[in-house]
Each structure stands twice: as structure tokens, then as C-alpha cells.
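The values are calculated or read from the model by the stated rules, or taken from the named source; none is laboratory data. The shown structure was predicted, so the numbers you read here are calculated from the model rather than taken from an experiment. Because the Cβ atoms are built from the backbone with ideal geometry, glycine has one as well, and the counts that use them run over all protein chains shown. Ligands, DNA and RNA are excluded from the accessible area calculation, which covers all protein heavy atoms including side chains. Shrake-Rupley method; radii C 1.70, N 1.55, O 1.52, S 1.80 Å.
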Amino acid sequence: MNISLVLQMLVEQGLIPEETVDDVAFEVSQTGLSLARVLEKNGLMSCDEFHVTLAQMLGTEAVNLAGLSAASNAIVMSNTVPTTVAAPTATYASPTSTTVSWTQATVAANAPAITGYNVYNGTTLLNATPMAATASSYAATTAVGSSYAFNVKAVNLAGLSAAGTSTTVVNTVPTAPSTLTAVATSATTANLTWTAATVTAGAPAITGYQVYNNGTLVATVTGTTYAASTVAGTSYSFTVKAVNAVGSSVASTAVALSDTVPTAPTAVSVTASSATVASVKWTAATLAGNAPAITGYNVYN
């Protein structure tokens, strides 16, 4: 049933005041009550009176002293709500905003036209007033660390469409990278590797990793390795954070690297084993944590 048309016909017949039309139509769209119930609720006419009047308006006959004319063509109305809006698309805009987009609903033939759309997080209405009939997106305010289930309903004078499938958005940062290792490959280079971080389903994808030394950012990379420049005699403490559109994860467990030479061998002794041969012995040198491994010894005279 085209509620706007029916209300206008009631006004033209002097059955309801014209200034009540907008309020009645809005109440029907927001509450889901039938037009008859809203009219009765507002003291404009009883349900029975409305149905009798409606029947008279939908199929009318002309009368004179000779009798009734043939019935006019009936006006077929469909008092149905719009079709269900399909699951919307949620596009991450910033840590505090997600754009919710949808394909517009349709209405049955002769049903009231769509007047707007409502956007929900679960069952909570997000837009304060119905959006325009031509609307197809909405900028939803979000908070870091929160999850959302966006769905959209179409509105016409018959009421709200059924709730469609929700699209889940998880506004969280990735987990921390794990198993970080640092291995010196030369006097000036160390190779860092780690296990990739993960994100919760519905959260923005990982876009890269931040590498830190002693809390200072030294590089941003897209993979899970990094060749760090080092200086001989210097100690390092590396950590890595994963990054997505929401922000950075907590830091990985730190790994220490000492770009230092071994300690001096100790307890050096020389024992002559013949007139031409002497045996030189010593206690092995040691290394600072994660320093390059000892590769050999040089013996001097």
C-alpha cells in the first residue's frame, strides 16, 4: 500500500488534517505499526473506520437514480517493506573511522518508495536520522581495540526491511612478532629474522614491520628479515613490531647482539717436545652474548 497516496486521499476527503500526514508517515516507518494502528493510536480514526474507507477508495462506483455504474479499475497496492540489504562492505579509513557501503535495496511494484537507510552495529542504530533514499555509504566512528558487526536496513512508509547479514570489523593491532634472532654475519652487518605476526579475523592486514635498537626505530620493512648495520665494539638490543592500519603491535622479546671481539686466551704455556718442536697450549677465549663465534686463533712469537 502506498501510504503517502492513502494519506493524501484521506486529507482530500476531509478525514484527517493535512498537518498530521508527515508525523503519521514517519511513525509508521519507524515503529513498523500498520497505518490503521497509527491513525487509531493518534485519535485520527478507528481501525474499522479506516478499513471501510480504504475499501471504498480502492474500488469506487458511480451512482445515479438508475443505479450503480460498473466498478472502476481497482488500485493494487503493496504494503510491503523493502528487500533485505545484502552484507555491507566495510573499508578501513583510519583508527577512528570505517566506511560502511552497501548495494541499495528494492521495493515490490506499487509498494512505498524507499525513503532512507539505517546503519546498525549489531542492533544499535548508528545514524541519528534515516539517511537519504539515494545513500549507499556511511562513515562509522570506531575505537581502537573494539569489534563491530555492521548491517543496514532500508526504510519506506511500510516500515524497515529485515536485518541482513552483518559484516564484522575488528579494530585491533597485530600480535607481536615472535622468535626474533640476530646473527652477526660480518664486522659491520647482522642478520635479523623473526616469525610473522598475525591479525584477528576482520582486522586490517599487516602492512610491515618496524625494527628498533634500544627503543629507537632504525628501519621499516615488509618482510620478516632485516640486515642491520653494526659497528665493531658496540652492543645492540633489537626488537620488532608488526604494523597494520590501526597501529603498531607491542614489541617482540628483545634479542641482544654484541659486535665485539673475543676475550684474550688465557693460561698460555709452552712445552718443548724436542730440540726443534715446542707445544703451545692455552685456555679458550670467550664471547659476549650473541657476539660472532670464534673462528680460530693466531699464534705469535
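Screening the candidates ALA264, ALA227, ALA256 for the property of being open to solvent by 50 Å² or more (accessible area, probe 1.4 Å) and within 30 Å of TYR300 (Cα to Cα) yields one hit, ALA264. Give the residues of region 149-160 that are at pLDDT 95 or above and out of contact with any Phe, Trp or Tyr (no Cβ under 6 Å at 6 or more places or on another chain), sorted by residue number. Hits for region 149-160 are ALA149, PHE150, LYS153.
Scanning region 277-293 for residues that are of a type outside the set (Gly, Ala, Ser), modelled with pLDDT under 80, at negative phi and open to solvent by 60 Å² or more (accessible area, probe 1.4 Å) yields a single hit, LEU287. Among the conditions (1) part of a loop (DSSP other than H, G, I, E, B); (2) crowded, with 16+ Cβ neighbours inside 10 Å, the only one that THR198 does not satisfy is (2).
Scanning region 30-76 for residues being modelled with pLDDT of 85 or more and either touching a strand residue (DSSP E or B) at 6+ places or on another chain (Cβ under 7 Å) or farther than 30 Å from MET131 by Cα (or both) gives a total of 2.
The residues of region 140-157 that are of a type in the set (A, V, I, L, M, F, W, C), open to solvent by less than 10 Å² (accessible area, probe 1.4 Å) and touching a Ser or Thr at 6+ places or on another chain (Cβ under 8 Å), listed by number, are ALA140, PHE150, ALA154, VAL155.
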